[in-house]
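Report on the structure given below.
Bear in mind these aren't lab numbers, they're just calculated from the coordinates by the rules spelled out. Not measured: the values here are computed from a predicted model. Glycine also receives a Cβ, built like all others from the backbone with ideal geometry; neighbour counts cover every protein chain displayed.
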Amino acid sequence: MFKRVLLKLSGEFLANENGFGISPGATAQLARLITEALGGTDVELAVVIGGGNLWRGARNGQGMDPATADYIGMLGTVMNAMALQDAMEAAGQPTRVMSAIQMAAVAEPYIRRRAIRHLEKGRVVIFGGGNGAPFFTTDTTATLRALEIGADVVLMAKNKVDGVYDSDPRKNPDAQWIASATHLEVVERRLEVMDATALTLCMDKNLPIVVFDLFQPGNLRRLFMGERVGTLIQS
Ligand code: UDP
């Protein structure tokens with residue numbers, strides 16, 4: 001069983017059927033799934049949530065100062081973190097939201113040692129606000145926070161894709177599923193795991209990554225228990 005894990009969720013997990021906004025129904029379903037998978041285990045869970053359902057700096061901010069566009073994206077991740085907190089607490093799981101951008105009325109500031117303390121006390125820590133810096137994505141936040149809190153693994157949750165393929169399985173019916181690969185193979189073969197900055201950091205620090213289908217029943221729990229699910233990337 002893993003001791004401490006970091007789960008990366010795209011903002012799209014919270015979206016409505018068109019991929020936009022925050023759907024309370026989708027958020028509640030997601031929160032129940034995570035809370036049930038955690039139930040009765042001693043796994044300490046931290047979550048990084050993206051913001052692509054609300055705003056992506058590069059896509060939505062065209063014509064704007066790129067840094068400002070990215071800061072808007074970071075604020076979106078705090079909204080998602082608050083929505084997920086609300087739903088997880090409704091499902092019975094104590095949580096804390098920590099934001100990389102100070103927003104004292106709605107979230108604690110990110111303080112590494114305090115985050116670890118929350119985890120030790122059994123609270124799920126949801127990291128909002130990305131890295132607090134533009135020109136990054138929340139994939140880098142997932143990697144950075146995982147390293148900071150000493151997580152055993154980064155779990156990259158996917159929506160109905162059961163791991164990494166040698167090409168996009170939604171476009172190429174002959175795409176080959178990959179059970180495991182090294183970080184270097186992912187870089188060299190340009191496999192779709194996370195963005196290059198995040199991947200390089202995982203490679204440098206030897207942090208394992210699992211890419212898996214969050215909605216395959218039992219997957220998350222099996223992962224928490226240390227079973228092999230999805231594609232494993234390690235050096
Ligand atoms: N962002 C940023 N710095 C960070 C994390 C995120 O500037 O450290 C901004 C960036 O504009 C990004 C947006 O927040 O496009 C939303 O995050 P992301 O695209 O990673 O969300 P996801 O695809 O995981 O939903």
**Complete:** Residue by residue through segment 191-199, the couplings from Karplus 6.51 cos²θ - 1.76 cosθ + 1.60 with θ = phi - 60°, in Hz, x for Gly and Pro, are 6, 7, 10, 7, 6, 4, 4, 5, 5
**Lys, Arg +1 and Asp, Glu -1 on Cβ, resulting dipole of segment 152-235 about Cα centre, debye, nearest 20** = 240 debye
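Percent antiparallel among DSSP beta bridges with both residues in segment 7-137, to the nearest 5?
Within segment 7-137, antiparallel bridges account for around 0 percent of the total.
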**Ratio Rg/Rh [Cα only; Rh per Kirkwood] for segment 7-137** = 0.98
**Item:** Built amide H within the under 5 Å cut-off of Arg4, gap 5+
**Value:** Glu44, Asp152
**Fill in**
If the chain between Glu12 and Glu36 were fully extended at 0.36 nm per residue, the gain over the current Cα-Cα distance would be 6.6 nm
**Item:** Dipole-positive endmost among Val187, Ile209, Leu38 within the chain (Cβ charges, Cα centre)
**Value:** Leu38
**Asked** About its Cα centre, how strong a charge dipole does the chain have in debye, to the nearest 20, once Lys and Arg get +1 and Asp and Glu get -1 at the Cβ?
**Response** 500 debye
**Prompt:** Out of segment 78-180, which chymotrypsin sites (Phe, Trp or Tyr not before Pro) are coil in DSSP terms and have no more than 12 other C-beta atoms within 10 Å?
**Reply:** Phe135
**Request:** Using packing as a proxy for protection, rank 44-52, 85-93, 12-20 so that the peptide with the highest average count of other Cβ atoms within 10 Å comes first.
**Result:** 44-52, 85-93, 12-20
**Prompt:** Cα-based count: Lys pairs in the chain below 29 Å, eight or more positions apart or different chains?
**Reply:** 15
**Complete:** Checked segment 152-235 against the a/c 1.5 cut and the a/b vs b/c comparison, axes a ≥ b ≥ c from its Cα gyration tensor; verdict oblate
**Message:** Under a Cβ-only charge scheme (Lys and Arg +1, Asp and Glu -1), can you give me the dipole magnitude of segment 96-235 about the Cα centre, in debye to the nearest 20?
**Reply:** 700 debye
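Quick one: of the DSSP bridges fully inside the chain, what percent are antiparallel, nearest 5?
The antiparallel fraction comes to roughly 15 percent.
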**Message:** If you average the C-alpha positions of segment 54-95 and of segment 139-181 separately, how far apart do those two centres end up, in angstrom?
**Reply:** 21 Å
